[in-house]
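Comments concern the structure below.
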Amino acid sequence: MPIYLGFDCSTQGLTAVAIEVEGGRRRIVCERALHFDRDLPAYGTANGVLRGDGDRLAVGSPPLMWAEALDRLMGLVAREGGFELARVAAVSGSAQQHGSVYLRAEAGARLATLDPARPLADQLEGLFTQRVSPVWMDSSTAAQCAAITAAVGGPAALARLTGSRAFERFTGPQVRKFFERDPDAYARTGRIHLVSSFLASLLVGGDAAIEPGDGAGMNLMDLAGKTWAPAALAATAPDLDARLPAIVPPWTVAGTLSPYWRARHGFPAARVVAWSGDNPCSLVGVGLVREGRVAISLGTSDTVFGLMREPRVDPSGTGHVFGAPTGDYMGLTCFKNGSLARERVRDAHRLDWTGFSAALRATPPGNRGAVMLPWFDAEITPPVLDVGVRRYGLDPTDAAADVRAVVEGQLLAMARHSRWMDVAVDTIHATGGASANREILQVMADVFGADVWQFPGANSAGLGAALRAYHADLVTEGRPAAWEAIVEGFAEPMAGSLMRPHEAHVELYRALADVHAACEAHALGRGDDPAPLIAAFRARSPVGP
Ligand code: XUL
């Protein structure tokens, strides 16, 4: 019975999910995880990232840390997975999107001749032309975004071409910044990978391609043609074409596990399928293989996403269109202040998650019109570089109200800023760590006026990666299966997890969405003081929980 292995290299850790498939018999056989701060403390990360570099908007992670984590987790799965390694038929992976890895030209040769007696990280020293990789939390490239946008003919033109206007965290603006700051190091760079294609390259011992799910998060790919877009490349940095891997369909087999993994940890020569981004992988990991539903992932980033048959680019410039693992497209809106913002509020009031939930239960939906814009960190949606939490009608010492305000503020922003996707949302698939919190899911159901299903386990991205390995293995064997059949029995909601919206609360949140919009406009310097609106809302809202 074959086993498919999926990895997920998220912001804060690396996870492996192994699935077993035999006809209708399907189950997850092993899940293992490493947490970067705790398990690889030598890299000095906080929540998986390093900040600073003299620029408070710059955020990165050491690529060597990801490589060491992969080596250790492969070892852990081999020793403790509880299944015969010879059964592993294919491996794929998911990684945080947009982050980029800069390698010297000789990297390919080095990866092909690794010594299995030695740890991977030791053998990669000196191969990186940028020791810290910029990651999706970076907001330091506003100037480069402006230059690229102008060169390509404006934000709408860039969005039509690549699926998104220029975003600070996207790879193109990051490459341009690297080139501008250190042209010599750029000249020494032979290959620029995404986190996903870098980790796939480590597995195959060579140079793995990029697929359109993750490629679309670069501001460099022609979304319709799924090829590099010459105009975007020219606007970004010289001779970029030669430094980028190829773009291939998402089910492409990049190679087999290299001799290093076979000799070092005992794996077979399993197929390695092109890795993708965490959001495209989560799309299939929560079973969204048809149009008409959305998923909300509550992780380090909060994201709202859904499958699209045709790419409908966001005219307001808020969201993104990426490739989907099915060969279709997906719409996505991303919020940077996700779990870390929830944790900041929890910690400020010295609560644990039980206390956090109790605070939600103790406060009325609508929070008497109090609104928080939880911009603890620079925000992506809406774009905010002037960091700072904004509170309207909210007493920051009132712990319970503050907890409700962070959750409602996040979900109202998600509902308002995902309207461009034009999906009549009646059902939401909730995933990510915080989706285990039933009180948060009730607010989600009420804010969106939709049924919410919880998905088992926090790791839909790792599961999605394993399902992509399974799908690609069947395609390669000449036995392709419909995506509905691939996800069946795996990407299913938890029995009994359905949360239904309360009609009265849905009404209330419709009104609060206007208050939220007014607060946001005011905070961004584009609107009047929302105090009268808050007072009007308070006058008609319930006072008790
Ligand atoms: C999506 C995004 C994040 C990262 C990290 O555009 O920036 O969701 O993929 O999870």
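Where a number appears in this text, it was derived from the coordinates with a stated rule and is not lab data. Every value quoted in this text rests on a predicted model; they were computed, and no experiment measured them. Heads up, the Cβs are rebuilt from the backbone with ideal geometry, glycines too, and the neighbour counts pull from every protein chain shown.
Note down the net charge around Leu103, summing +1 for each Lys or Arg and -1 for each Asp or Glu among other residues with Cβ under 10 Å from its Cβ. Here the charged neighbours net out to +3.
The angle separating the long axis of helix 438-448 from the principal Cα axis of greatest extent in the chain is about 70 degrees. Once both axes come from the Cα atoms, what is the angle between helix 339-348 and the longest principal axis of the chain, in degrees from 0 to 90, rounded to 10? Approximately 50 degrees, to the nearest 10. Our note on the geometry: Cα centres of segment 362-412 and segment 234-261, 41 Å apart. Over the chain, dividing the summed -39,500 (n - 2.57) contributions of all DSSP H runs of at least 4 residues by the number of residues returns a 222 nm mean residue ellipticity of -11000 deg cm²/dmol. Each Lys and Arg contributes +1 and each Asp and Glu -1, all at the Cβ; summed about the Cα centre of segment 81-126, the dipole is approximately 100 debye. One quarter of the surface of the convex hull around the alpha-carbon atoms of segment 281-416 equals 8.9 nm², the direction-averaged projected area.
Cβ under 14 Å from Ala121's Cβ, Ala121 left aside: what net charge do those residues give with Lys, Arg +1 and Asp, Glu -1? Computed value for this residue: -1. Placing a label point 7 Å from the Cα of Ala78 along the Cα-to-Cβ line, the residues of segment 246-287 whose backbone N sits under 20 Å from it are 255-273. About the Cα centre of segment 1-121, what is the dipole size in debye to 20, counting +1 per Lys and Arg Cβ and -1 per Asp and Glu Cβ, all else neutral? Dipole about the Cα centre, nearest 20: 120 debye.
Within segment 96-165, the trypsin sites (Lys or Arg not before Pro) that combine a DSSP coil assignment with at most 15 other C-beta atoms in a 10 angstrom radius are Arg131.
Suppose we keep just the DSSP beta bridges with both residues in the chain; what percent of those would be antiparallel, to 5? Before the final figure, lay out each step's value.
Details: 54 of 74 bridges.
Of all bridge pairs located within the chain, approximately 75 percent are antiparallel.
When peptides 79-90, 201-212, 226-237 are ranked by their average number of other Cβ atoms within 10 Å per residue, the highest-first order is 201-212, 226-237, 79-90. Taking a point 7 Å from the Cα of Ala481 along the Cα-to-Cβ direction, the residues of segment 262-290 with backbone N closer than 19 Å to it are 271-274, 281-290.
Grab the beta carbon distance between Ala185 and Ala224, set R0 = 35 Å, and tell me the FRET efficiency rounded to 0.05. Numbers along the way, then the final one.
Numbers: r = 33 Å, r/R0 = 0.95.
With R0 = 35 Å, the Cβ-Cβ based efficiency is 0.60.
Would you mind pulling out the separation of the Cα centroids of segment 13-28 and segment 84-116, in Å? Their Cα centres are 21 Å away from one another.
Between 0 and 90 degrees, the angle of helix 142-152 with respect to the longest Cα principal axis of the chain falls at about 70 degrees.
Simple rule: put +1 on each Lys or Arg Cβ and -1 on each Asp or Glu Cβ in the chain, find the dipole, and look at His522, Val487, Ala415; the Cα lying farthest toward the positive end is Val487. What separates the Cα centres of segment 267-301 and segment 140-187 is a distance of 26 Å.
Tell me, what is the FRET efficiency for Leu385 and Arg510 to the nearest 0.05, using R0 = 25 angstrom and their Cβ-Cβ distance as r? That pair, Leu385 with Arg510, gives E of 0.25. In terms of packing, defined here as the mean over residues of other Cβ atoms within 10 angstrom, the peptides 370-383, 528-541 line up highest first as 370-383, 528-541.
What residues from segment 284-311 fall in the zone where the backbone N is under 16 Å from a label point 7 Å along the Cα-to-C-beta line of Met494? Flagged as within label range: 286, 296-299. Each of Leu73, Pro116, Gly99 was placed along the dipole of segment 62-125 (beta-carbon charges, centred on the mean Cα), and the one lying farthest toward the positive end is Gly99. Each Lys and Arg contributes +1 and each Asp and Glu -1, all at the Cβ; summed about the Cα centre of segment 393-545, the dipole is approximately 60 debye.
As a test, work out the antiparallel percent of DSSP beta bridges whose residues both lie in segment 320-466, rounded to the nearest 5.
Numbers: 8 of 12 bridges.
Within segment 320-466, antiparallel bridges account for around 65 percent of the total.
Which net charge results for the neighbourhood of Leu351, defined as the other residues with beta-carbon distances under 11 angstrom from its beta-carbon, given Lys and Arg at +1 and Asp and Glu at -1? List each step's numbers first, then the result.
Values: positive: Arg342, Arg346, Arg350; negative: Glu343, Asp347, Asp352, Asp402.
Summing Lys/Arg as +1 and Asp/Glu as -1 gives -1.
Give, in nm to one decimal, the length gained when the segment between Ala521 and Arg51 is fully stretched (0.36 nm per residue of separation minus the Cα-Cα distance). Write out the running numbers ahead of the final one.
Values: separation 470, 0.36 × 470 = 169.20 nm, distance 2.89 nm.
Gain on stretching Ala521 to Arg51: 166.3 nm.
Here's the picture: charge each Lys and Arg Cβ at +1 and each Asp and Glu Cβ at -1 in the chain, and of Ala450, His320, Ile3 the one pushed furthest to the positive end of that dipole is Ile3.
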